[in-house]
Amino acid sequence: MTAEYLTLLLADGRLPTGAHTQSAGVEPAFTHGMRLEQIPDYLTVRLRTVTETEAAAAVLARQLWLTSDVEGRRQSMLSVDRAWRARTLSDALREASDLLGRGYLRLAGAVWDVRTLSEPPTRVWCRAVVLGAVAGEAGLSAAETARVVAFDDVQTVVAAALKLVPFDPSQGVRWSVAAAGEVERLVQRVATLVSVSELPGRSSPLIEEWGQHHRTTERRLFRA
């Protein structure tokens, strides 16, 4: 399989992860007054903050997965996981990422050798770490890894919005196309990172606050 094919596979919205359980914060955003026509602005904010941090963590995880020996891989992945958590203040967002990480790890184990992440002592990994390890095993470049994270986030937002506030699906396609420039700028910012100390800590207080409130909401379609 080529790297291009694998990139499409990992970004496939039909996988039992991502948009099946998560809305990338768009459900709580709607609950707190965001309007449908503000989706493009919402995508821009995410791509410049929480999504960039996640994409950077995935790039670093990929780099360390490829450059660490078998014995050192787990410690390398721990360093990225801890750094991402330190930069993600909302425990609701951390829990959502952990849920996705478990899902990706189950899927990845069917195709790639990522046993280092599932061997005892067992622990929960954020999605970025699992995705970075998979990217390393699959032969994806750093840029391709970052692009998968960013594209998945865009598609998750659009797919969730379509379920929550039905609209013409072609509008979602236009929003996705319009976000391409922001996606590529994100890729350029994080694709060259090689050290955990370089991991950006950009956050979005409103997205994190909305996520915290959403966790205790009883009437909801998505977990986060």
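Only one of the numbered conditions (1) modelled with pLDDT under 95; (2) part of a helix (DSSP H, G or I); (3) surrounded by fewer than 17 Cβ atoms within 10 Å (Cβ to Cβ); (4) not polar (S, T, N, Q) is violated by R174, and that is (1).
Kindly check whether there is at least one residue in the range 195-215 that is without any contact (Cβ under 8 Å) to a residue 24 or more places away in the chain, of a type outside the set (F, W, Y) and in contact with a helix residue (DSSP H, G or I) (Cβ under 6 Å, 6 or more places away or on another chain). Taking every residue of the range 195-215 in turn, none turns out to be without any contact (Cβ under 8 Å) to a residue 24 or more places away in the chain, of a type outside the set (F, W, Y) and in contact with a helix residue (DSSP H, G or I) (Cβ under 6 Å, 6 or more places away or on another chain). Within the range 21-67, the set of residues being among the basic types (K, R) and free of Cβ contacts under 8 Å to residues at least 12 places away in the same chain comprises R35 only. Being outside any loop (DSSP other than H, G, I, E, B), surrounded by 16 or more Cβ atoms within 10 Å (Cβ to Cβ) and at pLDDT below 90 holds for only one residue in A61, A83, A96, and it is A96. If you go through the range 161-186 and pick out every residue that is over 12 Å from L36 (Cβ atoms) and among the aliphatic types (A, V, I, L, M), you end up with 7. Is there a residue in the range 145-157 that is open to solvent by 40 Å² or more (accessible area, probe 1.4 Å) and either in a loop (DSSP other than H, G, I, E, B) or hydroxyl-bearing (S, T, Y) (or both)? Scanning the range 145-157, I find no residue that is open to solvent by 40 Å² or more (accessible area, probe 1.4 Å) and either in a loop (DSSP other than H, G, I, E, B) or hydroxyl-bearing (S, T, Y) (or both), so the answer is no. Scanning the range 160-193 for residues that are in contact (Cβ under 8 Å) with a residue 40 or more places away in the chain and over 19 Å from the mean Cα position of the chain (by Cα) yields K163, L164, V165, F167, A178.
The values are calculated or read from the model by the stated rules, or taken from the named source; none is laboratory data. Please read these numbers as outputs of a predicted model, since none were measured by experiment. All Cβ positions, glycine included, derive from the backbone under ideal geometry; neighbour counts span all protein chains shown. Just the protein is used for accessible areas: all its heavy atoms, side chains included, with ligands, DNA and RNA removed. Shrake-Rupley method; radii C 1.70, N 1.55, O 1.52, S 1.80 Å.
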